[in-house]
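First comes the structure, then the notes that go with it.
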Amino acid sequence: MAVDETARLAALHEYGVLDAPADDELAAVVRVAARVANVPTATLNLLDEHRQCQLTTVGFEGGDSAREDSMCAVVVEGGKAVHVPDARLDLRFAANPWVTGRFAEVRGYASVPLITPEGHVLGTLCAFDTEPREFGDAQIAAMEDLAMVVLALFERRKQARDTAGLAAAAQTARSQAEDSARELEVRQELTEAVYESIDVAIVACDENGRLTLFNRVARRWHGLDVDSAITHDQWATHYSLFAADGVTPLAADDIPLYQALHAGSVRDVEIVIATADRDPVRVKCAGRALRRADGTLLGAVVTMTDVTVERVQGQELADREQLLATILETAPDSFIVTDARGVVTAWNPAAEEMFGWTTDEACGRGLGELIVPPHLAAAHQHGLMSRAATGHARLPDGLIQVPAVRRDGSDLLVELSLASFPWQGEQRFHAFLRDVTEREAARERLALANSELAAANDELDRFTAMVAHDLKSPLTAITAYTEVLTDLAADRGASEEKALAAISRAALRMTVMIDDLLAHARAGAEPLGLREVDLDGIVDDLAAELCAGRDEVVITRDALPAVPGHPTLLRQVMANLLGNAVKYVAPGVVPRVHVGASFEGGAVTVRVTDNGIGIPADAREKVFALFHRENGNYQGTGIGLSTCRRIIDRHGGRIWVDPGSVVGSSVCFTVPGVVTAPAPRGSDGVVRLRVQRS
C-alpha cells in the first residue's frame, strides 16, 4: 500500500509516545503477545524518520536501532501482518542484522501493524523466537487484536494528555466528576472501537431478550443492523440463521444468544448465516450471560468466528486423504510403511499379492521376517541400527534394485523407492516396490540378442567386403579382354564393336556397384581412429577431380573448419555428396555447387547446396535407404547416401536433406566435437574452385 510518510510521522509524533516510558498496560500487552505467539521474546516497535524505537520488550533488553536495520520496516511499509517460520529462508530478512547474528538470531517471526483509525502505521507489535516456528491464523488474529488494544492505549494516553491540558487550563473549574465522566466516555469509545475493529462478530441482548448490539462484522454477515423490536422467536427468520447443515432453519431455543441468556453459557456451537444476497457464512459461536455486581441478570453476549474456510479446507483434506487411500489401495506397486525399527505399519493389497502376506499378518512384524532374503538379514539389521541412531535410511535416494523373498521362499527382484517422513513425533519410512524380475530377465535376453545381432552384422559386413573383393578380379579380367577384343574387332564391323561396348559398359557398372558395396562395408567395419580432418583440402581435391574433363562446372566453398573424424570416411561422404550434386542436374544446366559450414553447440554443420533436379519432400528420408534410387534416368547404385548416413552415424552426427531456396536441394550433416575454426580467406570468405572451365 502507498505510505504517506509525512502524515504517518505526524500521527506518530502527535501521540507523543515515541520516547516516553512505556506504562504497565503496554508492557502487559507485550507480555500477552509473547504468550499468544508462544515465543519467549516480543517487543513494541515504533519507527520514526531514522530509527526503530523498542518502546517495551519481553525476553530481551530493548533499545534504538537504525531504521534500515529494522525487520518491522517491511510491515510498516506494507501495512499488513507478516509472519514467517524461519527468517533465514525469506529474502526480505535473510541479510538483516537481527537475523544474521549481529543484533540477534531471529528465526520464527510474527509482526502485526499498529494502524491508526486514519490508516497510518506507527509501528508494530512483534513476537519472535531464535528457533524456527510456525504461527497459526488464530495467533496472528489475536496479535492483531492486541495491536488494536495498543492503539487504544495510545489514544487513551493522548486523550489523557489532552484532558490534563484542559484541566490545567481550566484549573479548578473542572471537577473530579467531570474527569471521571470523560474517562468513562473514553473507555466507552474504546470499547465501541474494539467492537467495531475486530474481525469477530459480536451480538448482545438485554435481560429481556431485546437485541442491543451488532458490531461491524455481525452487520456485514447478517446484512442488517440490530433491531430491538424483533423477538427471539423471529431472530432465525429475520437474520437468516440455519443449523450446521446449512439447510434446516435454526429453532428459536437453539439460537446461541438465547441459550447463553437462559443457560448461562454456550460454547463451540456451529450455525450458518445464509442471507439471500450473500454467500453462506459458517460460524462457531461462544457466549455467556452478563450479570451485575449484585448477581442480577444484565443480558448476554455471543461472539461468532468465521470457520467457513477452515471447514472447506478440512473437507478438502479429508477428500485428499480418501483419494490417497484409494490410490494406494488400487496401486499396482507395493506400498509399505515402517517405523524406525523396521516394523510394518502399512501394507497395501499390491504388497499382499506380491509377497503373499496379508495386511493383518504383515503389520506389526519386521521387514526382516517378511521380505528380506536370509543372506541379507545381517546387513538389514545393521541398517536398522544405523537408521535408529541417525534417523536416516542407509539406502540411497532414487530408484534402486534389491533382492527380496516371497512368503513361499521364492526369490524376486524389486525396484525400490524409499523416503522418510515425520509421524506423530517419530521418523517413519515409506517405500514403493515393483517386481522387476521378469523385466530384468527380458532385458538380459534383449541385450544378448542385440549382441548376437551386432556380431551377425559384423560378420555380414566382412562377408560383403570379401565377396565384393573376390568379384572384382574376374570383372577386371572381363574389362581387359573386352578392350582387347574391341581392338581386334575394329576392322570387322559396327555390330561387333557395339556388342563389345555393351559388355564393357555392363562390366563398368558392376565395378562401380562392387566399389560402392566395399565402401558401404568399410563405413561400418573400419576402425574410426578420429583425428583432425581438413575439410578445405578434401573439397579442393574432390572439386579438381569432378571438374576434370567437363565443359562447365562451378564449385565454390566457404572457408571450412577442421573437424575431428576419420579422414578417409569423411572424404567418402564429401565425394558422394559433391558427385551427386554435379550429376543430378537437368540436361543443359551448368552444375553449380556451394559448400558451407556453420557452428552450433560445439559441432559443425556442413551444407552442400546444388542447383540440381531436387528431391521431393516425401523422398528426403527414403534416399538414405540402401539401394534406393529416386530417379531412374540417372545412373547409380543407390548405395552412396546410405553409406554417407552410416559414416555420419558412426561419427555421432546426423545427415538430412533440405529443399533448395529456389531449385535443387541441400544435403546437410553434422560432426560433433571440438572443431577448429578456419582462418579468414578473403573479404567475402568464399573460395571459388572452378568457374566455367571450357
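The values are calculated or read from the model by the stated rules, or taken from the named source; none is laboratory data. All figures in this text were calculated on a predicted structure; none of them were measured in a lab. All Cβ positions, glycine included, derive from the backbone under ideal geometry; neighbour counts span all protein chains shown. Note: accessible area is taken over every heavy atom of the protein model, side chains too, but ligands, DNA and RNA are not part of it. Shrake-Rupley method; radii C 1.70, N 1.55, O 1.52, S 1.80 Å.
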Diagonalise the Cα gyration tensor of the range 531-581 and give the resulting equivalent ellipsoid semi-axes, square root of 5 times each eigenvalue, largest first, whole Å.
21, 12, 8
Kindly rank 92-99, 666-673 from highest to lowest mean number of other beta carbons found within 10 Å of each residue.
666-673, 92-99
Per-pair calculated FRET efficiency, R0 = 51 Å: Thr275 and Arg407 via Cβ, rounded to 0.05
0.25
Which peptide among 306-316, 600-610 comes first, and what is the full order, when sorted by highest mean count of other Cβ atoms within 10 Å?
600-610, 306-316
Keeping every protein chain in place, order Glu353, Glu192 by accessible area at 1.4 Å, biggest value first, i.e. largest first.
Glu353, Glu192
For the range 253-386, I need the span (max minus min coordinate) of the C-alpha atoms along each principal axis, in Å, sorted largest to smallest.
82, 41, 24
What order, most packed first, do the peptides 534-540, 406-412 have when packing is the mean number of other Cβ atoms within 10 Å of each residue?
534-540, 406-412
Under 10 °C and 1.306 mPa s, how fast does the range 21-80 diffuse according to Stokes-Einstein, given a Kirkwood radius computed over C-alpha pairs? Answer in µm²/s, whole number.
132 µm²/s
Nearby aspartates and glutamates by direct alpha-carbon distance to Lys622 (threshold 20 angstrom, same-chain neighbours under 8 apart not counted):
Asp516, Asp610, Glu630, Asp649, Asp658
FRET efficiency for Ser598 and Asp618, Cβ-Cβ distance as r, R0 = 22 Å, nearest 0.05?
0.25
